[in-house]
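Presented below is the structure to which this report refers.
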Amino acid sequence: MFTDRMSDVLILQQRLDHHGYIAERSLAATLLLTMEMRRPVLLEGEAGVGKTEVAKALARLSGTRLIRLQCYEGLDVHSALYEWNYQRQLLAIKLLEQDDRPVPDKEQDIFSERYLLKRPLLEAITTTPAPVLLIDEIDRTDEAFEAYLLELLSDFQISIPELGVIRAVERPVVVLTSNGTREISDALRRRCLYHYVDYPNFEKELAIVHAQAPDMPAKLAQQVVEFVQAVRQMDIQKKPRIAETLDWAAALLRVGVSALDSDGIDRIMDTLSALVKTREDQAGLTRPVVEKLAAAC
């Protein structure tokens, strides 16, 4: 049984790799439990380490829809759940003025699902086959909105006063992400499986570069990853994310850099705008610093 479990995790790793996401064993094991148990998973970590891509890869792997709720400060329930199509309702009310039915019957007609505008949360539990629901950057919302999610994540049902309780046709796979800008409540954490997504180690990041930039020479890909990993160890404001690694790799190829060496230092300097994204960090990567980092690769 234990051997079979290890095999299942390995198979999921391989399938994720095939669909463009390289996952370490611990993450693959957590995602396997998420899919089997239909429990939400909370992925926490710095911005840009690939949390959102997990949900996209799961949707590709499952051959199903990805429904994304992008969280932001001030997000309210109606924007995330549902709204009534007031314009169509007003038009229907006008048309019903000549209708002889009792008022309660008219109201039931007005507040029916055909006048309901489904937002991501409601859409996720009424879609078949079950989609992947991505609740992205949950830490950007306030505690009140987070509390509202508890009913959805516990029972996969939503209460609409005019219609009653709407239960999930099929439970979606739910992925929540957090950049850690606000502490997530214990109540929400209890309802989720958990995995911390860190910056990739050398081997994983090199595999990502090979997968996303297959035309890059193997030696240059190795140097790029060594350089980026060294920059992350510096005292800088914004550590380069995986996306920046890939952008920089593409920029180096565009300007004809074939190796990180002293001969191409001018062109390397010209491409650093793809790697570091603040004025202070760019100022810290002086020519002597870049030459030293490149020589060490």
Checked the range 127-162 for anything surrounded by fewer than 16 Cβ atoms within 10 Å (Cβ to Cβ) and closer than 14 Å to ARG65 by Cα; matches are THR128, PRO129
Scanning the range 247-277 for residues that are outside any helix (DSSP H, G or I) and either touching a residue at least 40 places away in the same chain (Cβ under 8 Å) or touching a strand residue (DSSP E or B) at 6+ places or on another chain (Cβ under 6 Å) (or both) gives SER258, ALA259, LEU260, LEU275, VAL276
- [ ] Say whether the condition of being outside any helix (DSSP H, G or I), within 22 Å of GLY48 (Cα to Cα) and free of Cβ contacts under 8 Å to residues at least 24 places away in the same chain is met by at least one residue in the range 214-224.
- [x] yes
Of the candidates GLU280, GLU205, GLU291, the one satisfying the condition of being charged (D, E, K, R), surrounded by 19 or more Cβ atoms within 10 Å (Cβ to Cβ) and free of Cβ contacts under 8 Å to residues at least 60 places away in the same chain is GLU205
Considering the range 27-79, residues that are among the β-branched types (Val, Ile, Thr) and more than 16 Å from TYR196 (Cβ to Cβ), and then whichever is surrounded by the most Cβ atoms within 10 Å (Cβ to Cβ), we arrive at ILE67
- Taking the condition in the same structural domain as LEU66 (by TED's automatic domain parsing), without any contact (Cβ under 8 Å) to a residue 12 or more places away in the chain and charged (D, E, K, R), does ARG182 pass? no
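The values are calculated or read from the model by the stated rules, or taken from the named source; none is laboratory data. Fair warning: this is a prediction, and the values are worked out from it, not measured in the lab. We place every Cβ from the backbone using ideal geometry, glycine too, and count neighbours over all the protein chains shown.
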